[in-house]
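Structure first, then comments.
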Amino acid sequence: MSIQCSKCGKPAVYLRRYTAEQLCRTCFIDTTIQRVRRTINREKMLRDDDRIMVAISGGKDSAVLLDVLYRIEEDFPKAELIPLTIDEGIQGYRDEALKAARRLASDLQMKLEVRTFSDLFGHPLDDIVKMRDEKSLGACSYCGVLRRRSLNTAARELDGDVVVTGHNLDDEAQTAMMNMMRGDSQRIARTNRSRAQPIEGLIPRVKPVKELSERDIVAYTHQQSLPYHDIPCPYAVEAFRNDLRLFLNDMEHKRPGTLLAIMRSAEAIVQAFEQSESSHELLSCERCGDPASRRICKVCSMLADLGAD
């Protein structure tokens, strides 16, 4: 006898472990969209007439992000979704991911906007990795910092009101733990600032699918037959995140709800910092003029170290 859906009694196709729900295909799709809608509404992430920049990588997370937002925003005709891809310049990887991103945008009858590291910083990531010396940061550190700047620059150029990214529950828990282990809890607040606390010069950035687990994401792409690129980035082997991913996956399997509890703890840290006046103090970079936590922003200091500024 097949396992029945917790919602409607039909044969179930998916177990959402952290809510203990057995779901049929229809109820899984519906509850996934409802979960994202609830996250958006609770944190007031989006407005009825927003020009929404959707960060698309070609991977499964951003594929689910765009597909779910497309369905949600059908109820808000004044809003506009603009898919945006940042091409870092990783030979043999990003070009394949771009194909998936273009296909997804085309399937939803949207135009994909693309911006490149080469255009914005003068060098693709592959060249930047070659330019660094033995004491330099890992490729993922350069990529993360430059991608964040690229998204903000592109969003301003395209008159965006808000940038949405496909960070999921696993990503958020891993990032929170990474920052805690590095002794940088304030970074949790800086990178998760609510839209109600904007920073001049930065387009607000929100994460609508942050309450969907990696398993939810994979299941949704399968059930909806979404196109995505699933080959790992060749530089990912350098990432500190990999070790934490294995640990947290094991903890979540043994104790479902662990990832959600970590994310909720990170949200409490964000609220505490936002209530502190000192957390609002930002400088303007002396070189580029963008908001920064020190005299020279991370982007400019990285490019200077590489001799690429």
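Points to keep in mind about this one:
- For segment 1-80, trypsin sites (Lys or Arg not before Pro) are listed when DSSP marks them as loop and at most 16 other Cβ atoms sit within 10 Å of their Cβ; the list is LYS7, ARG17, LYS44, ARG47, LYS78.
- Using just its DSSP H runs of length 4 or more, each adding -39500 (n - 2.57), the chain gives a mean residue ellipticity at 222 nm of -15000 deg cm²/dmol after division by all residues.
- Amide H within-cut-off set for LEU81, under 5 Å, with H built and near neighbours excluded: ILE52
- Farthest toward positive dipole pole in the chain [+1 Lys/Arg, -1 Asp/Glu at C-beta], among SER265, THR191, ASN179: SER265
- Compared with the dominant principal axis of the Cα atoms in the chain, helix 25-43 is inclined by about 40°.
- Rounded to 10°, Cα long-axis angle of helix 214-224 versus longest principal axis of the chain: 60
- Spatial separation of Cα centroids for segment 171-238 and segment 1-18, in angstrom: 28
- For the chain, DSSP calls about 30 percent of its internal beta bridges antiparallel.
- Charge context of LEU120, other residues only, Cβ under 11 angstrom, K/R +1, D/E -1: -1
- Cross-link check: pairs LYS111/LYS207; LYS60/LYS298; LYS10/LYS78; LYS78/LYS298; LYS111/LYS210; LYS130/LYS210 evaluated at a Cα-Cα cut-off of 27 Å; pairs beyond the cut-off: LYS60/LYS298; LYS10/LYS78; LYS78/LYS298; LYS130/LYS210.
- Cβ-based net charge around TYR93, under 13 Å, with every Lys or Arg adding one and every Asp or Glu removing one: -4
- A DSSP coil position with no more than 13 other Cβ atoms inside 10 Å describes the following GluC sites (Glu not before Pro) in segment 71-171: GLU134.
- Computed about the Cα centre, the dipole magnitude for the chain is approximately 760 debye when only Lys and Arg (+1) and Asp and Glu (-1) carry charge, each at its Cβ.
- For segment 288-299, the Karplus equation 6.51 cos²θ - 1.76 cosθ + 1.60, evaluated at θ = phi - 60°, returns couplings of 9, x, 6, x, 8, 8, 8, 4, 10, 5, 4, 4 Hz by residue, with Gly and Pro reported as x.
Values quoted throughout were computed directly from the atomic coordinates according to the rules given, and no laboratory measurement underlies them. Keep in mind it's a predicted model, so treat the numbers as computed, not measured. Backbone-built Cβ (ideal geometry, glycine too); neighbour counts: all protein chains shown.
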